Amino acid sequence: MEERDVRFVRLWFTDVLGFLKSVAIAPAELEGALSEGIGFDGSAIQGFARVYESDMVAHPDPSTFQLLPWRGNPGGTARMFCDIGLPDGSPSFADPRHVLKRAMRKAADMGFTYYVHPEIEFYLFKQPIVPGEVPIPVDHSGYFDHTTATAGTDFRRSAITMLEQMGISVEFSHHEGGPGQQEIDLRYADALSMADNIMTFRVVVKEVAVMQNLFASFMPKPLADQPGSGMHSHVSLFEGDTNAFYDASGEYNLSKIGRQFVAGLLHHASEISAVLNPWVNSYKRLAGGGEAPNYICWGQNNRSAMVRVPMFKPNKSSSARIELRTVDSAVNPYLAYALILNAGLSGIENEMILPDPAEDDVWSLTDRQREALGIKPLPNSLDAAVRAMETSQLVADTLGEHVFDFVLRNKRAEYAEYMRQVTPLELSKLLPSL
């Protein structure tokens, strides 16, 4: 910090809903923060604590120290992610980072390391954003379009440069299918590092957008007639240096452990939907078709399936993985990746049998055909997802009682508020005729 003339250190942590929280301290306070933590009022943070148990302590994780490139030099600003604890030194039951660490410890006890590689989609809109009005995309380009002088091209270059300055490796970037829609794929990392990276990614994307007089949105479905934004997540388990999902002799080169992991994801798909698709708007994305799955099935080259087994280089066993396509870009990544892991581990522990793959376009089948194939739908609303989650032992055990209870109460309230709204569709269709 002295070498780099750091004047402020921002301590970051995430609330239960996935929003980033931040407190800045002077460099002179960091030594005390590292040894004792920084106390704060947890009752003021969404989902953290009730008023009578409000004292909490933020413990900075020194391994997450990075300069914030957009703050400039001299007199720069750095950031560190925090683990949240209670005054007695125990971890906070409400800390999403602790939820993921607990799930990863379970995997480690079974001999596995858990890696994730997300493809993060988002929209770029022109300023100003007027609440209640349809936003205007920055361009009208399409999937993989090569354009020389659009806002999205310059934006991606600036954002990727900044991400790499913060130690976050980017594999790919391109224009997505919707007007103004972008995709940036992060290089795989262990799930905890990746969840930290995703939180950082959102900050960087929004900061670069503001610098270019744009607005970046991770809303799952901002435009009614265009594709939604997802975060397709490639997942793998390793045993030491060996990819536990790879079997040279297996169908699709997928090992028995890999097949059981996918079976667990399918088995628990409805129960974990309220965390992987946590907003009322999420279900507009899933209902819209495009590349958003809304049926519980798997396949290899099937982009309508919930879980896909990507083709990979035949001699590169380390790249064997599965791709979960339901996840929103607007999730709390700590909770989402914890549930994905425990759902898969449940399949391994219980030796679940993977059903036959769906190699047809699942959307083009009739309900009767899907029923005959044993393909069930995902929850079609936040209400249905909450109902599936409230009886789930897996979700309760993964999140812990406090987070589980808060998510249920918060999402029930969100859906109740949503159901009270009178939408433009109702006013345009029903008002003239009723």
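The values are calculated or read from the model by the stated rules, or taken from the named source; none is laboratory data. Note that the coordinates shown come from a computational prediction; the quantities given were computed from them, not determined experimentally. Backbone-built Cβ (ideal geometry, glycine too); neighbour counts: all protein chains shown. Heads up: the accessible areas ignore ligands, DNA and RNA and are worked out on the full protein's heavy atoms, side chains in. Shrake-Rupley method; radii C 1.70, N 1.55, O 1.52, S 1.80 Å.
Using the structure shown, decide if Pro379 is buried (at least 20 other Cβ atoms within 10 Å of the Cβ), in a loop (DSSP other than H, G, I, E, B) and within 26 Å of the chain's Cα centre (by Cα). Before the answer, list the steps.
Numbers: buried (at least 20 other Cβ atoms within 10 Å of the Cβ): yes; in a loop (DSSP other than H, G, I, E, B): yes; within 26 Å of the chain's Cα centre (by Cα): yes.
For Pro379, the condition - buried (at least 20 other Cβ atoms within 10 Å of the Cβ), in a loop (DSSP other than H, G, I, E, B) and within 26 Å of the chain's Cα centre (by Cα) - is met.
With the structure loaded, tell me whether Ala336 is of a type in the set (A, V, I, L, M), open to solvent by less than 40 Å² (accessible area, probe 1.4 Å), touching a strand residue (DSSP E or B) at 6+ places or on another chain (Cβ under 9 Å) and outside any helix (DSSP H, G or I) or whether it fails that test. Before you say what the answer is, go through the steps one by one.
Values: of a type in the set (A, V, I, L, M): yes; open to solvent by less than 40 Å² (accessible area, probe 1.4 Å): yes; touching a strand residue (DSSP E or B) at 6+ places or on another chain (Cβ under 9 Å): yes; outside any helix (DSSP H, G or I): no.
In short, no.
Within the bounds of the stretch 57-66, is there any residue that is assigned to a helix (DSSP H, G or I) and within 23 Å of the chain's Cα centre (by Cα)? Explain how you work it out, then say what you get.
If we filter the stretch 57-66 for residues that are assigned to a helix (DSSP H, G or I), which is where we start, we get 62-64.
Then keep just the ones that are within 23 Å of the chain's Cα centre (by Cα); that gives 63-64.
Scanning the stretch 57-66 turns up at least one residue that is assigned to a helix (DSSP H, G or I) and within 23 Å of the chain's Cα centre (by Cα).
Which ones in the stretch 90-131 are closer than 30 Å to Asn213 by Cα and either open to solvent by 40 Å² or more (accessible area, probe 1.4 Å) or hydroxyl-bearing (Ser, Thr, Tyr) (or both)? Let's see the steps before the verdict.
Of all residues in the stretch 90-131, those closer than 30 Å to Asn213 by Cα come to 117-131.
Those that are closer than 30 Å to Asn213 by Cα and either open to solvent by 40 Å² or more (accessible area, probe 1.4 Å) or hydroxyl-bearing (Ser, Thr, Tyr) (or both): Tyr123, Lys126, Gln127, Pro128, Ile129, Val130, Pro131.
Out of curiosity, is Val205 farther than 19 Å from Val116 by Cβ and of a type in the set (A, V, I, L, M)?
no
Go through (1) open to solvent by 40 Å² or more (accessible area, probe 1.4 Å); (2) part of a helix (DSSP H, G or I) for Thr398 and report which single condition fails.
Result: Thr398 passes all but (1).
Can you name the residue in the stretch 178-198 that is part of a helix (DSSP H, G or I) and in contact with a strand residue (DSSP E or B) (Cβ under 7 Å, 6 or more places away or on another chain) and is also farthest from Ile129 (Cα to Cα) among such residues?
Taking the stretch 178-198 first, the residues part of a helix (DSSP H, G or I) are 191-198.
With in contact with a strand residue (DSSP E or B) (Cβ under 7 Å, 6 or more places away or on another chain) added as a condition, the list becomes 191, 194, 196-198.
Values: Ala191: 33, Met194: 30, Asp196: 28, Asn197: 26, Ile198: 24 Å.
Taking the candidates together, the pick is Ala191.
Let's see how each residue does on (1) open to solvent by 80 Å² or more (accessible area, probe 1.4 Å); (2) among the aliphatic types (A, V, I, L, M):
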| position | (1), (2) |
| --- | --- |
| Asn332 | no, no |
| Ile340 | no, yes |
| Ile348 | no, yes |
| Met352 | no, yes |
| Pro355 | no, no |
| Asp361 | no, no |
| Asp367 | yes, no |
| Glu371 | yes, no |
| Gly374 | no, no |
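Is it the case that some residue within the stretch 156-177 is at pLDDT below 90, part of a helix (DSSP H, G or I), more than 20 Å from Ala292 (Cα to Cα) and of a type in the set (Val, Ile, Thr)?
No, because not a single residue in the stretch 156-177 is at pLDDT below 90, part of a helix (DSSP H, G or I), more than 20 Å from Ala292 (Cα to Cα) and of a type in the set (Val, Ile, Thr).
If you take the residues of the stretch 247-300 that are of a type in the set (S, T, N, Q) and over 16 Å from the mean Cα position of the chain (by Cα), which of them is most open to solvent (accessible area, probe 1.4 Å)? Break it down into steps so the answer makes sense when it comes.
So in the stretch 247-300, the residues of a type in the set (S, T, N, Q) come out as 249, 253, 255, 260, 270, 273, 277, 281-282, 294, 300.
Okay, now just the ones that are also over 16 Å from the mean Cα position of the chain (by Cα), so 249, 253, 255, 260, 270, 294, 300.
Values: Ser249: 104, Asn253: 45, Ser255: 10, Gln260: 17, Ser270: 36, Asn294: 33, Gln300: 36 Å².
So the residue we want is Ser249.
Let's see how each residue does on (1) in a helix (DSSP H, G or I); (2) of a type outside the set (D, E, K, R); (3) open to solvent by 30 Å² or more (accessible area, probe 1.4 Å):
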| position | (1), (2), (3) |
| --- | --- |
| Ala385 | yes, yes, no |
| Thr391 | no, yes, yes |
| Phe406 | yes, yes, no |
| Arg409 | yes, no, yes |
| Glu414 | yes, no, yes |
| Glu417 | yes, no, yes |
| Val422 | no, yes, yes |
| Leu427 | yes, yes, yes |
| Ser433 | no, yes, yes |
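Quick check on this structure: which one of Pro27, Pro87 is at pLDDT below 95, surrounded by fewer than 14 Cβ atoms within 10 Å (Cβ to Cβ) and touching an Asp or Glu at 6+ places or on another chain (Cβ under 9 Å)? Can you show your working first?
Values: Pro27 fails: surrounded by fewer than 14 Cβ atoms within 10 Å (Cβ to Cβ).
Result: Pro87 is the single residue among Pro27, Pro87 that is at pLDDT below 95, surrounded by fewer than 14 Cβ atoms within 10 Å (Cβ to Cβ) and touching an Asp or Glu at 6+ places or on another chain (Cβ under 9 Å).
Which residues, counting only those in the stretch 67-90, are assigned to a loop (DSSP other than H, G, I, E, B) and within 23 Å of the chain's Cα centre (by Cα)?
From the stretch 67-90, those assigned to a loop (DSSP other than H, G, I, E, B) are 68, 72-75, 86-90; that's our starting set.
Correct list: Leu68 only.
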